Each structure stands twice: as structure tokens, then as C-alpha cells.
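Colleague: There's a structure below that I have some questions on.
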Amino acid sequence: MKDELLSGPAASDRTATDTGPADRRTENTDAVSTDPATAKRQNAQKNAQKKKAQKKAGGTGRLTAVLLGFASAALGLLTWVVLANSGIDGFPGPVSVARRTGQLIADGTLFSDAGASLERVLIGYVLGVVLAIPVGFLMGWYPVVRRLIEPWLQFFRMVPPLAIIPLAIVLMGIDETPKIFVIFLASFLSSVVSTFQGVVAVDVTLVNAARVLGARDPQVFIGVVVPASTPFILVGMRIGLGASWATVVAAELIAAQDGLGHRMQQAQLYYDLPTIFVQVIAIGAIGLVMDRLLLLAERRLTHWQERR
């Protein structure tokens with residue numbers, strides 16, 4: 001008490017505000033210098049610290065994602081083991097499916113069927129996306145085109161591509177053409193809707209700002225509309241990829257001499273459940289890899305977009 005009285009309010013204030021030489025050095029560092037060279041050096045130091053923090057956060061995020069991926073795989077495998085031992089008649093476990101996978105790989109059947117299905121998907125999917133993107137841009141940019149095409153687009157969207165398969169087989173035969181056509185239709189319908197919705201959703205303020213700065217229609221379209229609608233296009237491509245795989249399996253179940261869907265149909269006749277599981281896993285694995293490639297392309301093409 002005596003010391004406090006002797007030191008008085010002035011000393012007390014100094015204790016509260018003056019936290020020592022170290023803090024004073026920090027304040028001096030954070031302060032922006034009026035000297036251009038010093039200010040430039042301070043900005044460079046701040047940017048370096050910021051990049052270092054972002055890099056550290058990114059590394060931690062990737063490690064977390066990898067650990068969560070392993071945890072998800074372990075959980076799925078555990079669920080499979082529980083189901084296989086739950087008493088369901090004929091439900092194969094991971095060991096029997098792995099053994100069957102080795103047999104199908106050894107005789108080349110699995111790669112042959114996967115190659116046939118992948119070829120059909122790639123041809124139909126690429127054709128559908130290539131046509132969907134310009135059509136979607138025209139529908140989004142020109143309201144007249146949109147009003148002419150959109151009713152038919154929505155009409156065919158309500159008809160599942162699987163329902164088109166019998167008609168396509170009757171009109172086009174049983175060779176590759178009807179299978180690729182239904183895959184093309186599934187991919188086109190998914191991608192075109194996302195593309196024209198992306199064009200319609202472009203912020204009008206950006207378009208008006210470009211016009212005020214003197215940009216003409218081609219410049220506005222290329223410089224504003226295309227970049228702003230790219231995320232929508234890529235999302236539509238991912239949805240179209242899933243629809244393409246679902247359609248090719250259905251088409252191969254009905255009329256095909258090879259492919260993963262054909263092999264599943266043959267295995268069903270002989271109650272060969274491990275073979276069916278192998279085909280299902282192969283379809284999921286190939287589709288997952290293709291989806292991840294599209295996701296990687298999306299991140300590269302839309303790196304300017306904020307993500308969570």
C-alpha cells in the first residue's frame with residue numbers, strides 16, 4: 001500500500017500503458033514508415049509472413065483431408081464386413097471380392113470390360129458437353145433462343161434417358177450408336193442447363209461496368225460472361241459425368257456384348273455376386289477418378305473464386 005501511495009497515479013498509468021521494451025519494438029514494427037524504402041520492406045515482410053501462414057494452413061488442411069479420407073475408407077470397409085457377416089444370404093465379403101477381382105484381372109476380363117465402357121462414356125460424354133456449352137451460351141445470352149429451346153429442353157429432361165434406350169435400339173440398331181446416343185443425351189441435358197443458368201446468373205453490374213468502360217458485346221462475352229459462368233459449366237460437367245456412367249451401365253444391361261454392365265448382367269444369370277461387386281466397385285472407382293480430375297480442373301480454372 002505504501003508503495004502504491006508513494007508511486008501515485010502517474011506510476012500506475014505507466015504500468016498499464018507501458019508494457020516494456022519488447023512491446024514498444026512491436027509497435028514500432030507495425031507502424032507504417034513514411035520512408036518509401038522502409039515501407040516497401042515492411043510490406044514485403046508482411047506478405048512473406050502472410051504466405052507462410054497460408055502455406056502452413058494449406059498443409060494442415062491437406063493432412064486433415066488425407067486422414068479423413070482414410071477414416072472414411074476404413075468406415076466403409078467396416079460396414080461392408082458387418083453386412084457380410086450379418087447373415088444376408090450370399091452377400092460376399094471383401095476377401096471373396098478381392099479374390100474374384102484378382103481372377104478377372106488375371107484373365108484380362110476386367111480391363112477389357114472397363115475399356116469398352118470407358119470408351120462409350122468418353123465418346124458420348126464429350127459429344128454432349130461440346131454441344132451443350134455453345135447451346136447453353138446462346139440460350140443465356142439471347143432470350144429469343146432461350147424461349148425457343150427451353151420448353152423442349154425441359155420436356156426431354158423429364159424423360160429419363162433409360163426410357164429412350166428401347167426407342168434408340170429400334171431406330172439405330174444394336175451396335176454402338178444407340179448406347180453412345182443415350183449417353184450423349186444424358187450428358188447434354190445436364191450440361192446445357194448448368195451453362196445457360198450460369199450465363200443468366202452473371203452479375204448485371206459487371207456487364208454494365210464493362211459496357212461503361214467501352215467494351216463491346218464480344219469483349220463483354222469473353223471477358224465477363226465466360227469467366228463468371230465457368231463454375232456453373234464445370235458443375236454441369238460433373239453432374240453429366242455421373243449421368244453418363246448411370247446410362248452406360250443401363251444400356252449395356254439391355255444390349256451389349258462387352259462392358260461392365262454386360263458382365264453384371266451375365267453374372268446375375270449365374271448368381272455370381274462377387275463378380276457383380278467387382279463391376280460395381282470398378283464403375284465407382286473409374287467415375288470417382290474422373291470426377292476428381294474434373295474437380296482439379298475446376299480449381300485450376302476458377303482459382304480466383306473464394307472457397308470454404
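Colleague: With respect to the numbered conditions (1) of a type outside the set (A, V, I, L, M, F, W, C); (2) modelled with pLDDT under 90; (3) open to solvent by less than 20 Å² (accessible area, probe 1.4 Å), which one is the sole condition not fulfilled by Ser187?
Modeller: Going through (1) of a type outside the set (A, V, I, L, M, F, W, C); (2) modelled with pLDDT under 90; (3) open to solvent by less than 20 Å² (accessible area, probe 1.4 Å) one by one, Ser187 breaks only (2).
Colleague: Is there any pair with a first residue in the range 240-265 that is farther than 18 Å from Leu185 by Cα and a second that is basic (Lys, Arg) and at pLDDT 90 or above whose Cβ atoms are under 9 Å apart and which are 6 or more apart or on different chains, and what are they?
Modeller: Every condition considered, the pairs that remain are Ala256/Arg120; Gly259/Arg120.
Colleague: Another question, then. Can you go through Ile180, Ile123 and tell me which one is surrounded by fewer than 22 Cβ atoms within 10 Å (Cβ to Cβ) and in contact (Cβ under 8 Å) with a residue 12 or more places away in the chain? I'd like the intermediate steps shown before the answer.
Modeller: On the way: Ile180 fails: surrounded by fewer than 22 Cβ atoms within 10 Å (Cβ to Cβ).
Just a single option satisfies the conditions, and that option is Ile123.
Colleague: Answer with yes or no whether Ser117 is of a type outside the set (Val, Ile, Thr) and open to solvent by less than 40 Å² (accessible area, probe 1.4 Å).
Modeller: Working: of a type outside the set (Val, Ile, Thr): yes; open to solvent by less than 40 Å² (accessible area, probe 1.4 Å): yes.
Against the criterion (of a type outside the set (Val, Ile, Thr) and open to solvent by less than 40 Å² (accessible area, probe 1.4 Å)), Ser117 qualifies.
Colleague: Can you tell which of Val182, Val145 is within 28 Å of the chain's Cα centre (by Cα) and hydrophobic (A, V, I, L, M, F, W, C)? Walk me through it before giving the result.
Modeller: Details: Val145 fails: within 28 Å of the chain's Cα centre (by Cα).
Every option except Val182 fails the conditions.
The values are calculated or read from the model by the stated rules, or taken from the named source; none is laboratory data. Please read all numbers here as calculations on a predicted model, not as lab measurements. Neighbour counts are summed over all protein chains in view; Cβ atoms, including those assigned to glycine, are modelled from backbone coordinates with ideal geometry. The area values use the complete protein model at the heavy-atom level, side chains included, leaving out ligands, DNA and RNA. Shrake-Rupley method; radii C 1.70, N 1.55, O 1.52, S 1.80 Å.
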